[in-house]
């Protein structure tokens with residue numbers, strides 16, 4: 001299943017070139033053309049699914065199996081010790097392309113990329129409510 005309007009589907013189809021790093025029957029990985037750092041790359045399922053919750057388990061597993069291997073290769077090639085794996089779902093999360101994709105972003109000191117995590121506090125009452133709602137949805 002591919003979307004004719006999706007840039008990643010066009011890359012999978014070979015209509016748009018990419019700097020390919022890895023490919024198998026379910027997954028494609030390539031360098032990001034707008035990198036946040038040297039070695040920034042993307043791992044995508046070849047089938048079109050907009051968000052992670054829409055991804056079938058076998059495709060999620062296929063993408064997940066590539067991430068550690070590719071992370072090791074990017075670390076080796078760039079010499080970085082630290083990196084982020086980032087996956088966004090929906091515009092408010094920062095998703096710019098409506099096709100599931102995982103970013104591998106090498107990090108170096110003072111790279112200017114920043115990271116903001118204003119942690120809150122989980123109250124026991126809210127935790128109980130969330131556990132019930134989430135586990136019943138599983």
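Every read-out reported here was derived from the displayed coordinates using simple, explicitly stated rules and does not represent laboratory data. Model, not experiment: these values are computed from the prediction. Note that each Cβ is placed from the backbone with ideal geometry, even for glycine, and that neighbours are counted across all protein chains shown.
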Point to revise | Mean separation of Cα contacts under 8 Å (6+ apart) over length of the chain, as relative contact order % | key: 23
Point to revise | Label of the coordinate-derived value, Rg and Dmax of the Cα atoms in Å, listed as (1) 19.4, 61; (2) 17.6, 63; (3) 17.0, 52 | key: (3)
Review point. Quick one: which of 111-117, 13-19, 64-70, 40-46 comes out on top by average Cβ neighbours within 10 Å, and what's the full order, highest first?
Key: 40-46, 64-70, 13-19, 111-117
Exercise for review: Starting from the Cα of residue 10, move 7 Å in the Cα-to-Cβ direction to define the label point; list residues of region 32-73 whose amide nitrogen is under 19 Å from there.
Suggested key: 32-35, 42-50
Exercise for review: On a 0 to 90° scale, report how tilted helix 57-78 is relative to the longest principal axis of the chain, with both axes built from alpha carbons and the result rounded to the nearest 10.
Suggested key: 60
Practice item. Just grab the label-to-label distance for residue 72 and residue 60, each label 7 Å out from Cα along the Cβ direction, in nm (one decimal). Key: 2.5
Review point. How far apart, in nm, are the 7 Å Cα→Cβ label points at residue 19 and residue 82?
Key: 2.3
Review point. What residues of region 41-75 lie in the reach of a label at residue 89, counting those whose backbone N is under 18 Å from a point 7 Å from the Cα along Cα→Cβ?
Key: 43-65
Exercise for review: Please determine, in degrees from 0 to 90 and to the nearest 10, the orientation of helix 124-137 with respect to the longest principal axis defined by the Cα atoms of the chain, where the helix direction is its Cα long axis.
Suggested key: 60
Exercise for review: With springs only between Cα atoms under 10 Å apart, run a GNM on the chain and tell me which of 53, 32, 98 wobbles the most.
Suggested key: 53
